[in-house]
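Asker: Here it is, the structure, as structure tokens.
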Amino acid sequence: MTAITASMVKELRDRTGLAMMECKKALTESNGDVELAIDNLRKSGQAKAAKKAGNIAADGAITIAQEGNKAILLEVNCQTDFVAKDENFAGFSAKVAAAALAANTTDAAQIAELKLEDGSTVEEARIALVQKIGENIQVRRATIVEGDNLAVYKHGLKIGVVVSYAGDAATGKGLAMHIAAFNPVAVNAEGVSAELIAKEKEIAEAKALESGKPANIVEKMVTGSVQKYLNEVVLVNQMYVIDNDKKVADVLKATATSVAQFVRFEVGEGIEKKAEMSFADEVAAAQAAAAAQ
């Protein structure tokens, strides 16, 4: 039996929004497997936030740089929104994005060693900025998108999208805005990973079986749940943000436009925000409650 550590409980708590004791119980039942615990909690309907795994916790900004038929999305993290809006932070992010695009690299370790115009490396510039601003700053990730037609869109500092498409330019721009708003996982159903579909099917089956319905009804319920999931996460199945009476597929057909690829970055995806009550505070509260019994 795997020992359930405080850090494991904290991770599950941050990712699900559940109370500490519920998380500890779920981890005990999953023998310390956090991902399995999340799946089990979703099946039982307890988890508030299996969908919150992409919630924003670390602050920072998304920077996009484009040169010809290539564009890079870069996420640089800091600790507060105040610093994310600072011109020194923005300047550093822009220089790093330009250097990484020119070097055609998205590897964080390689980016750290790139030379900037003043002769310093990215890492040296990062350390100098940390010393100047007084917050931890990290170059977290980058992705390069290539294509004959690229639509670029930023929603404030926090969300950036690049779409590689063929066809109508206005539609391309609209699609980038739509992707920023609706966060699809793939262009079409074929692009959704088998792993994601299998997980949704497993969760749907567990919920459907609890209903006590006959097997043939359960099968229909599962099929419906999986289709609903695909309608929610597949780009072409979503209702278009600019015209809610049309699906994206209808807009693509009407404008003779096709999407080859898209990338959407949101600051802090996969890093949870600090809970309203800290883990330490919750431990203290649980100990106090136990002592009072």
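The values are calculated or read from the model by the stated rules, or taken from the named source; none is laboratory data. Only a predicted model underlies this, so the values are computations on that prediction, with no experimental measurement involved. A quick note on method: Cβ atoms are made from the backbone with ideal geometry, for glycine too, and the neighbour counts reach across all protein chains shown. The area values use the complete protein model at the heavy-atom level, side chains included, leaving out ligands, DNA and RNA. Shrake-Rupley method; radii C 1.70, N 1.55, O 1.52, S 1.80 Å.
Asker: Placing +1 at every Lys and Arg Cβ and -1 at every Asp and Glu Cβ, with all other atoms neutral, what dipole size does the range 149-269 have around its Cα centre, in debye to the nearest 20?
Answerer: 200
Asker: Then there is this: May I ask you to derive the relative contact order of the range 98-206, considering only C-alpha pairs under 8 Å and at least 6 residues apart, and to give it as an integer percent?
Answerer: Answer for the range 98-206 is 15 percent.
Asker: If you don't mind, there's one more thing I want to ask. Run the accessible area of the chain with a 1.4 Å probe and give the carbon-and-sulfur part as a rounded percent.
Answerer: Summing carbon and sulfur atoms, their accessible area is 52 percent of the total for the chain.
Asker: Sorted by packing (mean other beta-carbon atoms within 10 Å per residue), highest first, where do 113-124, 144-155 land?
Answerer: Result, highest mean first: 144-155, 113-124.
Asker: With contacts defined as alpha carbon pairs under 8 Å and 6 or more residues apart, what's the relative contact order of the chain in percent?
Answerer: It rounds to 22 percent for the chain.
Asker: Can you give the net charge of the other residues whose Cβ lies under 10 Å from the Cβ of GLN79, counting K and R as +1 and D and E as -1?
Answerer: Taking every other residue near GLN79 into account, the sum is -3.
Asker: Read phi for every residue in the range 253-270 and hand back ³J(HN,Hα) as whole Hz from Karplus 6.51 cos²θ - 1.76 cosθ + 1.60, θ = phi - 60°, with x for Gly and Pro.
Answerer: Here the 3J(HN,Hα) series is 5, 5, 10, 6, 10, 9, 10, 8, 6, 9, 10, 10, 10, 10, 3, x, 4, x Hz.
Asker: Could I ask something else about it? I need the calculated FRET efficiency for the pair ALA181 and ALA90, taking r as the beta carbon distance and R₀ as 30 Å, to the nearest 0.05.
Answerer: 0.80
Asker: Order 251-263, 193-205 from most to least packed using the mean count of other Cβ atoms within 10 Å.
Answerer: 251-263, 193-205
Asker: Show me the ranking of peptides 209-216, 71-78 by mean Cβ neighbours inside 10 Å, starting with the highest.
Answerer: 71-78, 209-216
Asker: Please give the FRET efficiency for ILE127 paired with GLN66, using the beta carbon to beta carbon distance and R0 = 30 Å, rounded to the nearest 0.05.
Answerer: Working from the Cβ atoms, E equals 0.60.
Asker: Please list, short to long, the whole-number percent of alpha-carbon pairs of the range 119-257 in consecutive 5 angstrom bins beginning at zero.
Answerer: 2, 9, 13, 14, 13, 11, 10, 9, 9, 6, 2, 1, 1, 0, 0
Asker: Follow-up. Spin-label point model (7 Å from Cα, Cβ direction): what's the GLU146 to ALA215 distance in nm?
Answerer: 5.1
Asker: Using label points projected 7 Å from each Cα along Cα→Cβ, tell me how many nm separate GLU232 and MET21, to one decimal.
Answerer: Once both label points are built, they end up 3.0 nm from each other.
Asker: Please list the non-local residues whose amide H lies under 5 Å from the amide H of VAL76, H modeled 1.01 Å from N, same-chain partners needing a gap of 5 or more.
Answerer: Those lying under 5 Å, H to H, from VAL76 are ALA61, THR63, ARG140.
Asker: Taking a 32 Å limit on the Cα-Cα distance, which of the listed pairs LYS43/LYS247; LYS85/LYS253; LYS43/LYS154 fall beyond it?
Answerer: The answer is LYS85/LYS253; LYS43/LYS154.
Asker: Note down the net charge around ALA208, summing +1 for each Lys or Arg and -1 for each Asp or Glu among other residues with Cβ under 14 Å from its Cβ.
Answerer: That sum, taken over residues with Cβ under 14 Å, equals +2.
Asker: Please list 3J(HN,Hα) in residue order for the range 150-166, calculated via the Karplus relation 6.51 cos²θ - 1.76 cosθ + 1.60 where θ = phi - 60°; whole Hz, with x for glycine and proline.
Answerer: 10, 9, 10, 8, 10, 9, x, 8, 9, 10, x, 9, 10, 10, 9, 9, 10
Asker: Still on this structure, I have one more. Hey, could you grab the Kirkwood Rh for the chain? Inverse mean 1/r over distinct alpha carbon pairs, Å, one decimal.
Answerer: Averaging 1/r across every pair of different Cα atoms and inverting gives 21.7 Å.
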